[in-house]
Amino acid sequence: MQQSKVLVISISNPIIVGIYQNDILIETVSKDGKTSDILPSLFDIIMKKYNVHEIYYVSGPGSYMAIKIAYVFLKTISIVKEIPLFAISGFDLNNNSPIKALGKKYFFRDDNKLDDDKIAIKFLNDEKVEPFTLPQKFDKIKYTDDTLPKYNLPAV
């Protein structure tokens with residue numbers, strides 16, 4: 001069985017999971033619901049169908065609970081199955097578009113930075129929000145082995 005990479009976007013609805021072989025997207029699974037309900041059932045199917053050798057997930061910013069659940073679930077699989085886990089910024093999968101934070105507030109990446117060092121939380125005005133998409137080729141994805149969640153929680 002050929003080795004596969006799995007990319008999980010769980011910070012918004014629907015949850016999107018991409019399967020890559022030879023760095024080409026071969027399957028996309030998209031499902032509405034809570035991360036805690038969807039992710040285990042999706043991974044049960046994926047792990048039976050594919051020889052997963054790397055897992056990537058969006059570590060933030062986005063839904064605090066979805067990030068936390070995805071991290072704990074995927075880190076557990078990573079440890080138990082000895083599969084490396086990597087993290088990706090949500091901004092890299094939605095064309096640097098604002099990402100829903102809380103209520104009517106959104107996360108914005110600093111226009112002058114292409115990393116997540118400067119993330120602002122503000123109300124959405126006229127900015128267009130683009131959906132998350134899986135790249136057709138995995139080699140276009142920027143990732144890190146620093147897998148801890150990037151919650152970017154707003155001040156209360």
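Values quoted throughout were computed directly from the atomic coordinates according to the rules given, and no laboratory measurement underlies them. Computed from a prediction, not measured in an experiment: that's the story for all the values here. Reconstructed Cβ throughout: ideal geometry from the backbone, glycine too, with neighbour counts over all protein chains shown.
Of everything in the stretch 54-75 that is β-branched (Val, Ile, Thr) and part of a helix (DSSP H, G or I), the residue that is surrounded by the most Cβ atoms within 10 Å (Cβ to Cβ) is Ile67. For the stretch 61-101, the set of residues classified as under 13 Å from Ala120 (Cα atoms) and out of contact with any Leu (no Cβ under 7 Å at 6 or more places or on another chain) consists of Pro61, Gly62, Phe91, Asn96, Ser97, Ile99, Lys100, Ala101, listed by residue number. Filtering the stretch 31-53 to residues that are of a type in the set (Phe, Trp, Tyr) and in a loop (DSSP other than H, G, I, E, B) leaves only Tyr50.
Exactly one residue out of Asp44, Asp37, Asp32 is farther than 18 Å from Thr147 by Cα, touching a strand residue (DSSP E or B) at 6+ places or on another chain (Cβ under 8 Å), surrounded by fewer than 17 Cβ atoms within 10 Å (Cβ to Cβ) and of a type in the set (D, E, K, R): that is Asp32. Among the residues of the stretch 48-76, those that are farther than 21 Å from Lys137 by Cα and either in contact with an Asp or Glu (Cβ under 8 Å, 6 or more places away or on another chain) or among the aliphatic types (A, V, I, L, M) (or both) comprise Gly60, Pro61, Met65, Ala66, Ile67, Ile69, Ala70, Val72, Leu74. Here are some conditions: (1) loosely packed, with under 12 Cβ neighbours inside 10 Å; (2) on the phi > 0 side of the Ramachandran plot. Asn96 meets all but one. Which one does it not meet? Checking Asn96 against (1) loosely packed, with under 12 Cβ neighbours inside 10 Å; (2) on the phi > 0 side of the Ramachandran plot, the one that fails is (1). Of all residue pairs spaced 6 or more apart or on separate chains, those with beta-carbon atoms under 8 Å, a first member in the stretch 133-144 that is in contact (Cβ under 8 Å) with a residue 24 or more places away in the chain and a second member that is acidic (Asp, Glu) are Lys137/Asp23; Phe138/Asp23; Asp139/Asp23; Ile141/Asp92; Lys142/Asp92.
Give the residues of the stretch 76-91 that are assigned to a helix (DSSP H, G or I) and either under 24 Å from Phe108 (Cβ atoms) or of a type in the set (Lys, Arg) (or both), sorted by residue number.
Lys81, Gly90, Phe91
Number of residues in the stretch 1-30 that are among the aliphatic types (A, V, I, L, M), part of a strand (DSSP E or B) and over 15 Å from the mean Cα position of the chain (by Cα) equals 3.
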